[in-house]
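**Student:** Structure in structure tokens, see below.
The values are calculated or read from the model by the stated rules, or taken from the named source; none is laboratory data. The structure presented is a predicted model; accordingly, all values stated were derived computationally and were not measured. Using ideal geometry, Cβ is built from the backbone for each residue, glycine included, and neighbour counts are taken over all protein chains shown. In case anyone asks, the SASA skips ligands and DNA or RNA and just uses the protein heavy atoms, side chains included. Shrake-Rupley method; radii C 1.70, N 1.55, O 1.52, S 1.80 Å.
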Amino acid sequence: GGAQAAIFSYSDFSSIAGLTLNGDAAQAGNLLRLVPSTDTQAGTAFYNTPLALSAGTSFSTTFSFNVTTNPDGGGAPDGFSFILQTLGATALGAGGQGLGYVGLSPSVAVAFRGRDPSFIGVIAGGTDPANLPTPFSPAGAATGLAEGAFYGQDEYAWIDYSAGTLDVYLSATDGKPGTAT
């Protein structure tokens, strides 16, 4: 068989057709809100149609996001994650620092964690960020950031996977940077 392409796009979330929302995830107008600004919440949103991943698979995705701080003075939120998993469209991991992926195994999560320890990293097997070695291992699996570095503003992310390499790009503008984060 030849290569198959699966292409789907959401220019906004005024329609969530084709998605399953779990836990605290909800449609909020034309936005997808993974969790409200309340402590220890967990929410996921998955595409309903499973996509086949293999050694020869490659994919690219881009999305914009805005992580808002707790209006009640609860400090910086923990963050969110982009998750690849085989447990199905209703999968939901731990809340709070679990970023919706902790406990999901097998899985690979690109964690966008803005609360100390702040990082963007690739984490396999549903591992809790509190159990990650410091410095990160393997080297390059995560990039440290200042707490709240990408919060309270529109941000853009690109995730590209090809031939066993996963690259993550982050920018405050909609122009993809030339170098991966």
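**Student:** Between ALA163 and THR68, what FRET efficiency follows from the Cβ-Cβ distance if R0 is 45 Å, with the result rounded to 0.05? Write down the numbers at each step before the final one.
**Tutor:** Details: r = 36 Å, r/R0 = 0.81.
The computed FRET efficiency comes out at 0.80.
**Student:** Can you tell me the accessible area per residue over the chain, all protein chains present, probe 1.4 angstrom, in square angstrom? Each step should come with its number before you reach the end.
**Tutor:** Working: 9890 Å² over 181 residues.
About 55 Å² of surface per residue is accessible.
**Student:** So between ASN48 and ALA17, what do we pick up on full extension, going 0.36 nm a residue minus the alpha carbon distance?
**Tutor:** Details: separation 31, 0.36 × 31 = 11.16 nm, distance 0.90 nm.
In short, 10.3 nm is gained.
**Student:** Also: Taking the simple approach of a point 7 Å from Cα along Cα-to-Cβ for both ASP154 and SER37, what is their distance in nm?
**Tutor:** In this crude label model, ASP154 to SER37 measures out at 1.9 nm.
**Student:** Short version: ³J(HN,Hα) in whole Hz for each residue of segment 7-21, in order, from phi by Karplus 6.51 cos²θ - 1.76 cosθ + 1.60 (θ = phi - 60°), x for Gly and Pro, what are they?
**Tutor:** So the Karplus estimates, Gly and Pro as x, are 10, 9, 8, 10, 6, 7, 10, 5, 10, 10, 4, x, 10, 10, 9 Hz.
**Student:** Can you compute the radius of gyration and Dmax for the chain, using only the Cα atoms, both in Å?
**Tutor:** 15.8, 55
**Student:** Under 5 Å between amide hydrogens, which residues at least 5 positions from SER81 or on another chain qualify, with H placed 1.01 Å from N in the peptide plane?
**Tutor:** Here the answer is PHE112, since their amide H atoms fall under 5 Å of that of SER81.
**Student:** With all protein chains present, how much of the accessible area of the chain (probe radius 1.4 Å) comes from carbon and sulfur, to the nearest whole percent? Kindly include the intermediate steps, with their values, before the conclusion.
**Tutor:** Numbers: 5030 of 9890 Å².
Answer for the chain is 51 percent, counting heavy atoms of protein chains only.
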